[in-house]
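**Student:** The following block contains the structure, expressed as structure tokens.
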Amino acid sequence: MAAKIRILCPHCGKAENIQAVGAVCPACKQPLDTNEEGNIYIYRQGSPYGIAGGFGIYLNNQPYGYIGNKELLRIPLKYGTYNIHCAVGMSRKCRDMVVVLSPENPVAFTKVYIKPGFWTNSFVVEPVDPNKLHL
Ligand SMILES: [Zn+2]
């Protein structure tokens, strides 16, 4: 499965997909100077509980755009600790996941899916076996 590279532009603040690390921002055309010490992969698992449109992705409360059904994103990042959160509209119920990117563990593989609940559905972010992503 081909991952889409997602960045948060430091110039205009837009979350955009780019073709390759080192590209310019598609929105404002400024060079991104993408720092790729580590990567977080996020896969959105297909689900019969259809929510039309994308799930909003947040890393440390910064919006990183949306992820579509069965999409795989690769987010290049500096080493550090990242809280991964998902939300759609007013539905912000999510079991977040915290990952730490370090020289020893530069890549984190995660997936997000909807867990149906009695009152409301909630999002779950959890680790995924990278072999299942067929990178
Ligand atoms: Zn930009």
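The values are calculated or read from the model by the stated rules, or taken from the named source; none is laboratory data. This one's a predicted model, so the numbers in the text were calculated from it and none came from an experiment. A quick note on method: Cβ atoms are made from the backbone with ideal geometry, for glycine too, and the neighbour counts reach across all protein chains shown.
**Student:** For the range 62-135, list the strands (runs of 3 or more DSSP E) that sit wholly inside it and hold at least 3 residues that are farther than 22 Å from Glu36 by Cα; which are they?
**Tutor:** Once the strands (runs of 3 or more DSSP E) in the range 62-135 are filtered for at least 3 residues that are farther than 22 Å from Glu36 by Cα, what remains is 107-115, 122-127.
**Student:** Counting only residues that are small (Gly, Ala, Ser) and surrounded by 13 or more Cβ atoms within 10 Å (Cβ to Cβ), which one in the range 100-128 is nearest to the chain's Cα centre (by Cα)?
**Tutor:** So, considering only residues that are small (Gly, Ala, Ser) and surrounded by 13 or more Cβ atoms within 10 Å (Cβ to Cβ), the one nearest to the chain's Cα centre (by Cα) is Ala108.
**Student:** Also: Restricting to the range 19-36, name every residue that is of a type outside the set (Gly, Ala, Ser), more than 18 Å from Lys78 (Cβ to Cβ) and in a loop (DSSP other than H, G, I, E, B).
**Tutor:** Gln19, Pro26, Cys28, Lys29, Gln30
**Student:** Continuing with this model, one more query. Does Lys78 fit the bill of being loosely packed, with under 13 Cβ neighbours inside 10 Å, farther than 19 Å from Glu126 by Cα, more than 14 Å from the ligand (Cβ to nearest atom) and modelled with pLDDT of 90 or more?
**Tutor:** Yes.
Condition check ((1) touching a residue at least 60 places away in the same chain (Cβ under 8 Å); (2) surrounded by 13 or more Cβ atoms within 10 Å (Cβ to Cβ); (3) away from the ligand (no atom under 12 Å from the Cβ)) across all residues:
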position	(1), (2), (3)
Lys4	yes, yes, yes
His11	no, yes, no
Gln19	no, no, yes
Val24	no, yes, no
Ala27	no, yes, no
Asp33	no, no, no
Tyr41	yes, yes, yes
Phe55	yes, yes, yes
Leu72	yes, yes, yes
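**Student:** May I ask you to list the residues in the range 96-113 that are closer than 25 Å to Tyr66 by Cβ and polar (S, T, N, Q)?
**Tutor:** Thr110
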